[in-house]
Amino acid sequence: VTTLDIAGFGLESLPESFGRLSRLETLNAAKNKLTSLPASFAKLTNLRTAFFLGNAFEEVPEVLGELPNLFMLSFKSNALRAVPERSLAPTLVWLILTDNKIEHLPVSIGKCVGMRKLMLAGNALTALPHSMGDLVNLELVRLADNQLKTFPNWLIKLQKLAWLAVAANPATNESATRAKSQADAANVPVVDWLELGVDEDVPPLGRGASGAVYEGAWNGKKVAVKVYSSAAKTSDGRPEDEMTASVLAGTTESSGVIKTIARFTRGD
C-alpha cells in the first residue's frame, strides 16, 4: 500500500501495527478524532504526505520528526497548542498548521531549510523564532489572524518570498483602519445580494482558500461574484481586509488588475 485514505471514519486511535505499512507514501487521516500517533509511525520511512486536518491533536506528535522523507504535513483545524522541538522533520517543504491555538513555534523549525510553503494563519502567535530567518527557500507564508505586534526584519530579506499574508494582527490594525477608510472613499457601491443573480446550486467558476467565485449578473452584464466561505476570517485574514485590498487594487491604472465594481454583504 502506497496511498491510504481513512478520512472521516471517526477513528480515535491508530494501532501499533500501523508501522507495518512500510511502503506508505501518502496518508489522509483527516476528520477523525485522533489525539496521538503510535510509536511505530517512525517505521513509515517512505511517507511523504500526511494529512490530519480536523482531528483533536493538542500537539504535533514527536514521532513525525523521525520520518526521513516527509514532504508535506497538515494539522489544519485541530486543537494544537504546542509544536515540540523534535516534532518537525527537517525534510518538510510544506507545513500547514492553520486554525489552531499555537502560541509559540519551536526553534528547530529553522532546520527545515527546504521549506517553501508555511501556513500559520488563525493561531495565537505573539512572536516568531529568529531561526526562521534560515528558511531562505520560503515562497509563501500565511501569518494572518495571530497576535503579532511586530514583524521581524528577516521576513523582508527572504529573497524567494512571493506571498506574505499578515492581516488581522495587532501590528497591522492601524494600517487596516487607514486602508478601509481609503476603500470606503473609492466610490465602489454596496449592492443587495439578490441583485446579483447568483445560483449557488451551479458549480462555481473557481474555489480557493477563502471562498468561491460564481457567475452572476449586474446592470445587464455578466460579473464574477466572490462569496467568502466564512464571515469570521480567511487564510489571509478577515474578509473585510481582503475586500479592502481588492477595492484599492482596482483603483490603480494597471490593466493586469481585475477591478472590483461593487460589494455586497449578507447574513450568512
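The values are calculated or read from the model by the stated rules, or taken from the named source; none is laboratory data. What you see is a predicted model; the values in this text were computed from it and never measured. Reconstructed Cβ throughout: ideal geometry from the backbone, glycine too, with neighbour counts over all protein chains shown. These area figures cover heavy atoms from the full protein model, side chains too; ligands, DNA and RNA do not enter into them. Shrake-Rupley method; radii C 1.70, N 1.55, O 1.52, S 1.80 Å.
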- Task: Look at Thr98 and say whether it is of a type in the set (S, T, N, Q) and free of Cβ contacts under 8 Å to residues at least 60 places away in the same chain.
- Result: no
- Query: Right, Gly133: at pLDDT 95 or above and in a helix (DSSP H, G or I) or not?
  - Reply: yes
- Query: Is it the case that the range 126-137 has a residue that's within 30 Å of Arg266 (Cα to Cα), open to solvent by 40 Å² or more (accessible area, probe 1.4 Å) and not polar (S, T, N, Q)?
  - Reply: no
- Task: State whether the residues of the range 212-233 include one that is of a type in the set (Ser, Thr, Tyr), in contact with a strand residue (DSSP E or B) (Cβ under 7 Å, 6 or more places away or on another chain), modelled with pLDDT of 85 or more and not in a loop (DSSP other than H, G, I, E, B).
- Result: yes
- Could you check how many residues of the range 157-189 are surrounded by fewer than 15 Cβ atoms within 10 Å (Cβ to Cβ) and either at pLDDT below 90 or not aliphatic (A, V, I, L, M) (or both)? 17
- Query: How about the range 13-25: which of its residues are within 17 Å of Phe75 (Cβ to Cβ) and open to solvent by 50 Å² or more (accessible area, probe 1.4 Å)?
  - Reply: Ser13
- Provide a single number: the residues in the range 59-108 that are within 23 Å of Thr26 (Cβ to Cβ) and open to solvent by less than 40 Å² (accessible area, probe 1.4 Å). 24
- Return a yes/no flag: does the range 11-27 have any residue that is within 23 Å of Glu139 (Cα to Cα) and in contact (Cβ under 8 Å) with a residue 24 or more places away in the chain. no
- Going by the structure shown, is Glu242 touching a residue at least 60 places away in the same chain (Cβ under 8 Å), in a helix (DSSP H, G or I) and out of contact with any helix residue (DSSP H, G or I) (no Cβ under 8 Å at 6 or more places or on another chain)? yes
- Based on what the data block shows, is Gly216 small (Gly, Ala, Ser), over 19 Å from Thr98 (Cα atoms), open to solvent by less than 70 Å² (accessible area, probe 1.4 Å) and in contact (Cβ under 8 Å) with a residue 60 or more places away in the chain? no
- Task: Just give me the residues in the range 42-58 being assigned to a loop (DSSP other than H, G, I, E, B), open to solvent by 20 Å² or more (accessible area, probe 1.4 Å) and farther than 15 Å from Arg20 by Cβ, in sequence order.
- Result: Arg48, Leu53, Gly54, Ala56, Glu58
